[in-house]
Amino acid sequence: MADRTRDIDAPKRDACQAFEDVVALLNYPMFVVTTRSEDEMSGCLVGFASQVSINPPRFLVGLSNKNHTFSVASHAERLAVHLLTRDHVALATLFGAQTGDEIDKFARCDWHPGPHGLPILDDSPAWFSGRILERLELGDHVAFLLAPETGSAPDDLGQLVTFSDVRDLEPGHEA
């Protein structure tokens, strides 16, 4: 039987490196999250997002506490979560490599007002909107727990934009 004490006593930096190595192997889907608070709209590319409950349905979105979308979402009641196909990597680039502090991203893409005035991206084949139930500080990101309310999805999405498609983007803000 292997000596398990070695794992317990391993230096902390080894555990952090192991975590980083494991995470680097993953190829998460990427999402564009949009929101509105009063007359201000914002959106950003998000890699930290997941369904976290089946019944009741819940979805968790992590937003960097340094970006424009976080500041708007901090005062918003809802978020819209969009999936993009690889045909729309340029849209992922717009929302991931630009900051709403400097440009109006919505002036550079097609969108329409959706439920509760949320900006819905026309090139997103699948999206849902949800009411924000909780905000949880989790280090350099804040988790927004959503109760999905409405949305749209086709029978087949095709190939989604994943982390490997946007790995080389220079983010609009530090993480």
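Taking Asp101, is it over 24 Å from Asp39 (Cβ atoms) and among the acidic types (Asp, Glu)? When the stated conditions are applied, Asp101 does not pass them.
Only residues that are touching a residue at least 40 places away in the same chain (Cβ under 8 Å) and part of a helix (DSSP H, G or I) were counted in region 97-135, giving 5.
Name the single residue that is most open to solvent (accessible area, probe 1.4 Å) among those in region 135-145 being within 15 Å of the chain's Cα centre (by Cα) and charged (D, E, K, R). The extreme case among them is Arg135. Here Ser64 fits the description: hydroxyl-bearing (Ser, Thr, Tyr) and touching a Phe, Trp or Tyr at 6+ places or on another chain (Cβ under 7 Å). For region 53-94, filtering for residues that are out of contact with any His (no Cβ under 9 Å at 6 or more places or on another chain), under 13 Å from Thr34 (Cα atoms) and aromatic (Phe, Trp, Tyr) leaves 0. If the condition is being touching a Gly at 6+ places or on another chain (Cβ under 8 Å) and within 10 Å of Leu146 (Cα to Cα), then region 43-61 contributes only Phe59. Could you tell me whether region 146-157 includes any residue that is under 17 Å from Met30 (Cβ atoms) and loosely packed, with under 13 Cβ neighbours inside 10 Å? Within region 146-157, one or more residues are under 17 Å from Met30 (Cβ atoms) and loosely packed, with under 13 Cβ neighbours inside 10 Å. Between a first residue in region 82-95 that is in contact (Cβ under 8 Å) with a residue 40 or more places away in the chain and a second residue that is open to solvent by 40 Å² or more (accessible area, probe 1.4 Å) and in a helix (DSSP H, G or I), which pairs have beta carbons less than 8 Å apart while being 6 or more apart in sequence or on different chains? Short answer, once both residue conditions are applied: Arg86/Asp165; Val89/Asp165; Ala92/Asp165. Flag: Pro171 matches the condition of being within 14 Å of the chain's Cα centre (by Cα) and in a loop (DSSP other than H, G, I, E, B). Here the condition is being within 15 Å of the chain's Cα centre (by Cα) and either open to solvent by 70 Å² or more (accessible area, probe 1.4 Å) or more than 14 Å from Phe31 (Cα to Cα) (or both); of Ile132, Ile120, it holds for Ile132 alone.
Remark: Ala97 matches the filter, which requires a residue to be surrounded by fewer than 16 Cβ atoms within 10 Å (Cβ to Cβ), touching a Pro at 6+ places or on another chain (Cβ under 8 Å) and more than 15 Å from Ala49 (Cα to Cα).
The values are calculated or read from the model by the stated rules, or taken from the named source; none is laboratory data. Every value quoted in this text rests on a predicted model; they were computed, and no experiment measured them. Cβ coordinates were reconstructed from backbone atoms using ideal geometry, including for glycine residues, and neighbour counts include every protein chain displayed. The protein model used for the area step is the full one, side chains on, heavy atoms only, and it has no ligands, DNA or RNA in it. Shrake-Rupley method; radii C 1.70, N 1.55, O 1.52, S 1.80 Å.
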